[in-house]
Amino acid sequence: MKKEILALILLSFLTSCVTTRKSVTYHISTLENIRTFQPTKEESRIIDSLKSEAITSLEKCVKIHGAACIDDLELMGLHEANFKGGNAKFRERIFQNFKIPKNAKKGENRFRVTIGKQDTIENVDILSYTDDDTKKEIERIFKLIELNAWVSAKVHRFPIKEEFEMSIFIDDKK
């Protein structure tokens, strides 16, 4: 009996020495292919009206006060969507919450995120993925409330949709 236990322990030890553990790492890309959606015709009319009002207001100010007026028309142009705390914080939150699945395969997992007009993630499209478990993990993390802290893109203070692409790269490391 003692010999059998000793043999099992020895076999277990030898097996653990021979087996190499493979660890998997990952990294996240920056926001890429950022694209703002064109406003609808009705939204364009509202934006044009806001722009026209701003120009009229500036012209009135210049007539009354001369050079003492502030021209903020450029500030009212396009402002991209932004994660509260910055886009680097968004990437950090993804990194902190993403759990590599046990059988994750090496490669690129690419997805497109659409930020809607209500300061929220409207849609996440998985464009390519290495395996089903990794795809499910990406879908899971985008359901987290902490990733849904956005300020929508704006044109002349009017919210518009914006989308961008990102990738999670899974790498093998020995």
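Quick look at the numbers
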| item | result |
| --- | --- |
| Conditions (1) open to solvent by less than 40 Å² (accessible area, probe 1.4 Å); (2) without any contact (Cβ under 8 Å) to a residue 24 or more places away in the chain; (3) polar (S, T, N, Q); number of the one not met by SER128 | (1) |
| Single unsatisfied condition, VAL62 versus (1) surrounded by 13 or more Cβ atoms within 10 Å (Cβ to Cβ); (2) within 19 Å of VAL155 (Cα to Cα); (3) more than 21 Å from the chain's Cα centre (by Cα) | (2) |
| Extreme residue, most open to solvent (accessible area, probe 1.4 Å), among residues of segment 131-163 that are under 30 Å from SER52 (Cβ atoms) and of a type in the set (Asp, Glu) | GLU163 |
| Output for segment 78-100, where each listed residue is touching a residue at least 60 places away in the same chain (Cβ under 8 Å), part of a loop (DSSP other than H, G, I, E, B) and open to solvent by 20 Å² or more (accessible area, probe 1.4 Å) | GLU80, LYS84, GLY85, ILE100 |
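Listed here are the residues, each with its yes/no results for (1) part of a loop (DSSP other than H, G, I, E, B); (2) of a type in the set (Val, Ile, Thr); (3) open to solvent by less than 60 Å² (accessible area, probe 1.4 Å).
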{"position": "THR25", "(1), (2), (3)": "no, yes, yes"}
{"position": "ILE34", "(1), (2), (3)": "no, yes, no"}
{"position": "PRO39", "(1), (2), (3)": "yes, no, yes"}
{"position": "SER49", "(1), (2), (3)": "no, no, yes"}
{"position": "THR56", "(1), (2), (3)": "no, yes, no"}
{"position": "ASP71", "(1), (2), (3)": "yes, no, no"}
{"position": "LYS105", "(1), (2), (3)": "yes, no, no"}
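The values are calculated or read from the model by the stated rules, or taken from the named source; none is laboratory data. The structure displayed is predicted, hence computed values, not measured ones. Note that each Cβ is placed from the backbone with ideal geometry, even for glycine, and that neighbours are counted across all protein chains shown. Keep in mind that these areas ignore ligands, DNA and RNA; they rest on the heavy atoms of the full protein, side chains included. Shrake-Rupley method; radii C 1.70, N 1.55, O 1.52, S 1.80 Å.
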